[in-house]
Each structure stands twice: as C-alpha cells, then as structure tokens.
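Comments concern the structure below.
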Amino acid sequence: MALDSSAIAEVPVWRAPDDDDTHDTLLEFNAHVLALAQHPRTPLCERARFLAILGGNLDEFFTVHVGEAKAWLAGKGAFEPDFTDTDGGIGARGSDVQTLIHDTMQAAKGAGALLHHGREWFRTQCRPAFADAGIHLSRWTELSPSSREIAEQYFTDHVLPVFGAVGSDGLPHLPSLSLALVVVRQSDGKLLIVPIPRTLPRAIELEPGTEYMALEELMLLHANVLCPDAGPEAKAFVLRVTRASDTRLGKRPSGDAVSAAEALLARREHAPVVRLEVNCSMPRAIRKQLLAMFSAEAQAVGATGATLDACDVFETDGPVVSLDALSSIASIKRADLAYPSFRQRIPIPESQSIWERLRTGDVFVHFPYDSFTASVGRMLDDAAADPEVKAVRCTIYRTERDSRVISALVRAAKAGKDVLVVVELMARFDESPNLRWTAILTDAGCRVVHAPPGLKVHGKVGVIVRPEGSYGFVSTGNLNSITAAHYTDFAILTARQEILAELAALFDDLAAGDVTGAAYHHVLVSPYSMRDPLLALIGREAARGEQGRIRAKLNGLDDPEIIGALYTASQAGARIDLLVRGLCTLRPGVPGRSERITVSSIVGRFLEHGRIYAFGDDYWIGSADWRMRNLLHRVEVATPIVDATARRQVAEILTSELNDPTRWIMRADGSYVQDPNAASAEGTQDQYVSRLSPA
C-alpha cells in the first residue's frame, strides 16, 4: 500500500508490483474520487455524494473483478470469461491468468483500505462538519428523549410492518449488497440471520433536514423484537453481503437473447458471496461461522466460486457498514452545501425547426452544459410528432426508469412510423430494465432486435427518415436524461447523408442479425472497421515524425495493439497527449519508449464520460474506449467532426482539458500526482459552469 497525493494528504492508493496491471488505475481513479471528497472546495453534501460514489464503485469492483477471480480459482482455469461483459478483468488481456488473479486479490486489499479511509474521513471530518452546519447524524446515545421517541415510533410504524416471520434457523437468501442482522440466540448460541428489506431508507429522518440516524443502529437496538426467540439479552451485529456478478451469457442460439438474459439474471441471484462487511465488534468465532455458512450455500446451489476465508471479511467501526448509506445525506436540499445550480444551454431554439437547422450545418452538444432534452431528446420527440417522418432507428443501452426516449419511440410506432430499436439486453446491471423496455417497445409495435451472439451493441446512434433525406445523431453517452445531467458527454446532430447512410446500413445489418462488416468509409464501426483505421491514423502521425500530433479523451485504454502503436509513434517523434479517466495500462514518460506521451485524468463534479480522438487536425467522437472489449467485442460507432464550428468546439475542449490545473498526471511507474496548487485552482468543469446562467 502506498500513499500518493500532492494536494490531499493521506489518500491511500494501492500499487501493483509491476507496470502492466489492470486494476491499479481502477483503484487510482477511486482514490481520486476520495481526494475530491476531501477537497476543501467541495461542498459538504457533495463530499457525502462522492463518498457514496466511492462505495458504489468499489462494490462493483468486488462483484465483477473479485467475483471473476474467485470463479477462476474455483474452476482451476476451466472457466472461460465472456469478453463482451468483461470490464478489464480476468481474460481481458493476454497476460498470465494466475498473475492476474493474484493482482486482483491484492487489489481487493487496496479497495478495502480505500473504503476504510473513506469511512474514517466521514466519521472524523464530515460528520462534525455536518453538525456545524446544523445537520446531525446522531448515534442513539446522542439523541434527545423526544428524538428517541420519534425513532421508536418510526420503528413501530415503518419497520415492523415490512418484516415477516423472522428468527428461524438456517440461512435465508440475502441478495447482493443487502443488509442483515446476525443475532446470537441465547439458548444455544446459534446464529439467526434477519434480512433487512431494501425498501427501508438507510438514513432515517428524525427531524426534517436536521437530524438523522442510521437504519442499522435502529435495527440493532430492536434485535430482540425482530427475533423474540433469541432472548432479551441476545447479541446482534450488522452484516452486508456482496455476491459475484455473473455477466456471462454463455452459448446461445441466434435470436434467443431474451431467454439468455433471463437465465443470466436467475443465475446471478444465487451467485456466490465474495465479501462480508461486518461491525468490528463482531467476534472472530461468529465471522468464522458466517464464512462457513456462505461457502456451504454456494456449494449447495452448485455455484462456481472459491471458498471464503478471513481475507474476505471487511470490518467497520460503528453500526454503518457501507458508504452507500450516505446517498440519503447527499440529497439533503441545502443550496449552501451543494454545487451551484445552472441553466443548461438550449442548442437549437425551440422556435426553430430542428430539421431546418440541421440542413444548415451540424450541431455539436456538450452534456451536461447543453440540454439533452433540448437536443437528442427533442430530435426523437419531434420525430414522433412529425407526420413527415417515415422511419426511426435508435439504439438503447441504458436509459432512465421514466424514459423520455422510450416514450418517444412508443409514440412514433403508435403513429404508424417504421420504428426499429436495438436494445442491448446485456448492459451490465441493466438487464432487467432492458427486458422490460423490450416488452414495452414490442407491444407498441416497434421492431426490437438485440445484439448478435458474442457481441454487445454499445454504440449510441439514431437515424430519422423524412422525404427530403435523413437526420440523426451519434453520441458518446447513453440516451438517458438523468446521466446526461451528471456525466460529461458529447453528441453530434447531423443531416450529412454520407454518414447517415452508413448508420442506416448498420441498423439493417443488426436487424438481419448478420453483422459481417459492411463497407464503412465515413464512420468507424467496431469490431469491423475501427481498430485498423485507428492504427492507420496513429501510423500516419508517426510517419510525420516530430510534426505528428495525437490527442485523445477516453474512459479507458488497454488495447495492446493501440498501445504498441502509440509507443512506436512516440519513438518516431510524435507528440501524444491522452486524457484517460480511469483504467490505463499504457505508461507514459518511459525513457526510450514513451517519452513524448503524457497521460492525465480529470475527476470533478461530473463524471468524465465523453470520447474524442484527434489525429493532427482530424477529430472524431464516439462511444468506444481504446480497449480490447470495445474494439473487438462490441458494436461501437465513432463519427468524424466535419462541421467547422463543431471542430473548433472540440479543439477548444481538448486544449482546455489537457491543461486543466486540477488534473491528475500519471508518472512512468503508473502512479499519479496532482499539482500542489490544485486545491485553490478552478478546473475546466467549474470554468464551463461559470459561463452559464445560474438556475
């Protein structure tokens, strides 16, 4: 474990033993999230939000990466990962499997240290700061008699009614990331496991906006009520379980995507437990019993997973066992404790026809500073309402619960338009909602298709056909108005027929279920015509020697051929500047290999999610990171930026962000540093917001 932070003291960063590890930069990114939670300029409620995000990110690390590593250990190498769902884990690269497993399990220790540090920061710094602001996150011993009375009434009115018969022997099924009470029966010392329903809020509001207590503590105080046969003095503890997230579709016949997704969800429900989170007061003997119980559970259902041991137990001081409980605190409505709100720009005036506007030139939009609803959302709304529109084509990867996009597609189909929707059922953790959208869209009369076997459709594109021609969009982000308000992303709205014709051909191939690779001359489409064109563009800049210039903004970079080409270009004299938010297995500044390459990462108020590729003066935006999974096992789309105004906007974004004074800069060993003046500097996200009108 190394400590590495120039601007924020004591930020723990796990470090791999070599420079070719996948998980080190994943944990580095989360260390940067923790640093943002600790940043003196971060508003108090936002600090709680970043801590909750940290907890959620590391929950996913355990469910996906640790779960996969344990499956390999249990299967002794027989398990074959599905590349379409691997997020940089085991099997994502051609490295030695045993080394990757070792690195993953070492990374789990670093993840645990990050979580511990985040909880300690909240306990020692944030909680007192909330109290100074008039918001009390109280323990039972700190409550006034009136507040205790309110808590007791809350338990009677809201908690007891949602519990069925509890206190029986045996291990009930506990969903992943759910809470439970572990009660030790006085008569014989047996453990009684009481699931805590997810419908209950993690932070119980005792006084509106001013006093809260943790659900876990309320449960502990009433353990003998929930388990009456445990005895009046029975000891109780809090448990949280994390299960592996099975993301493997396995073999399936073409056209059977729905049943395969349903089977996956059924398997995942009973995936083996890979982590236990407990109070530090829980005795070792009880922990040992729990480990044995969950190991036996996995064997009983035939789940693939290594046996649990003491290394899989993570403890916390106090009743709250996970940082996700802070989401409720982060949502407290206090303008003085949150980032300033702003009015999003309207890319196309409401009084102007969107079709007329696009016939004069492309429209580039930058979320969340530009409105999703007034751009991509409006395009689909107008398509549904416009009697001249004959056909609508759209991809769905992730979208919100009450989706405006889905509503527009349904209205378009019911209006008699030819609507084709490609719904990706295997968007990890969104499989169930996407099955629901499939049924809704199909019932409305849309033609719904899914990814061909072995692929994911991750591209975010749409095509709208009118008598005079086609219109459409290519986006880097999901068609989701909620994430478009919290993620930075890009989209281009266009009427360029040469681009739209190729997008239409892609939809036709997806509808036919035989995407063998049409001839794409204007857009880049993986896995058929993206990696090789990218390698050619890198090679072109390498051939220009010191005049060569490559810039890219990505979420992740691990493709070995792309990395090798970038090293070659650097050695040939080309200058290469990369913004990589998270995972990055390239190492910059290595003498003789990558001296002309820089890698930096921006972590701020919004999650950086957009992708830009720049080779000399040629610019592209698209959905693909430069990762094996994106370039070889997903259907991704990137489009050139042709419009002069849009090109200028993209160039300005790259220039500003590559010089962001708050960015984290990767060193040759894979560690990161931040300018000591970053604590007082204004980052690019703040600069963008400052140009907008207050809400």
- If you check residue 84 against the conditions, is it of a type in the set (S, T, N, Q), modelled with pLDDT of 80 or more, over 23 Å from residue 332 (Cβ atoms) and touching a strand residue (DSSP E or B) at 6+ places or on another chain (Cβ under 9 Å)? no
- Query: Would a scan of segment 489-503 turn up a residue that is touching a Phe, Trp or Tyr at 6+ places or on another chain (Cβ under 9 Å), of a type in the set (A, V, I, L, M), without any contact (Cβ under 8 Å) to a residue 40 or more places away in the chain and assigned by TED's automatic domain parsing to the domain that holds residue 391?
  - Reply: yes
- When residues of segment 127-163 are filtered for being of a type in the set (S, T, N, Q) and in contact with a helix residue (DSSP H, G or I) (Cβ under 9 Å, 6 or more places away or on another chain), how many remain? 1
- Go through (1) at pLDDT 95 or above; (2) over 20 Å from residue 487 (Cβ atoms) one by one and return the number of the condition residue 578 breaks. (2)
- strands (runs of 3 or more DSSP E) within segment 603-695 that include 1 or more residues in contact (Cβ under 8 Å) with a residue 60 or more places away in the chain and under 30 Å from residue 357 (Cβ atoms): 612-615, 618-622, 634-640
- So which of 119, 123, 139 is buried (at least 18 other Cβ atoms within 10 Å of the Cβ) and closer than 20 Å to residue 322 by Cβ? 119
- Query: Based on what the data block shows, is residue 560 surrounded by 17 or more Cβ atoms within 10 Å (Cβ to Cβ) and either within 20 Å of the chain's Cα centre (by Cα) or in contact (Cβ under 8 Å) with a residue 60 or more places away in the chain (or both)?
  - Reply: no
- Return yes when residue 219 is touching a residue at least 24 places away in the same chain (Cβ under 8 Å), in contact with a strand residue (DSSP E or B) (Cβ under 6 Å, 6 or more places away or on another chain), crowded, with 21+ Cβ neighbours inside 10 Å and not in a helix (DSSP H, G or I) and no when it is not. no
- Filter segment 409-435 for residues that are assigned to a helix (DSSP H, G or I) and surrounded by fewer than 16 Cβ atoms within 10 Å (Cβ to Cβ); which is modelled with the lowest pLDDT? 432
- Task: Specify which of the listed residues (187, 176) is polar (S, T, N, Q) and surrounded by fewer than 16 Cβ atoms within 10 Å (Cβ to Cβ).
- Result: 187
- Output for segment 658-682, where each listed residue is under 15 Å from residue 582 (Cα atoms), in contact with a Gly (Cβ under 9 Å, 6 or more places away or on another chain) and surrounded by 15 or more Cβ atoms within 10 Å (Cβ to Cβ): 663, 666
- Message: What's the total number of residues in segment 52-81 that are on the phi > 0 side of the Ramachandran plot and modelled with pLDDT of 90 or more?
- Response: 0
- Which one of these is without any contact (Cβ under 8 Å) to a residue 24 or more places away in the chain and among the small types (Gly, Ala, Ser): 138, 146? 146
- Query: Regarding residue 166, is this residue part of a helix (DSSP H, G or I), at pLDDT below 95 and either in contact with a helix residue (DSSP H, G or I) (Cβ under 8 Å, 6 or more places away or on another chain) or not hydrophobic (A, V, I, L, M, F, W, C) (or both)?
  - Reply: no
- Task: Could you grab me the full set of residues in segment 519-551 that are surrounded by 14 or more Cβ atoms within 10 Å (Cβ to Cβ), of a type in the set (A, V, I, L, M) and free of Cβ contacts under 8 Å to residues at least 40 places away in the same chain?
- Result: 535, 542
- Query: Can you spot a residue in segment 195-215 that is assigned by TED's automatic domain parsing to the domain that holds residue 298, assigned to a helix (DSSP H, G or I) and either in contact with a Leu (Cβ under 9 Å, 6 or more places away or on another chain) or farther than 30 Å from residue 45 by Cα (or both)?
  - Reply: yes
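The values are calculated or read from the model by the stated rules, or taken from the named source; none is laboratory data. Computed from a predicted model, the values in this text were never measured in an experiment. Positions of Cβ are backbone-derived with ideal geometry, glycine not excepted, and every protein chain shown enters the neighbour counts.
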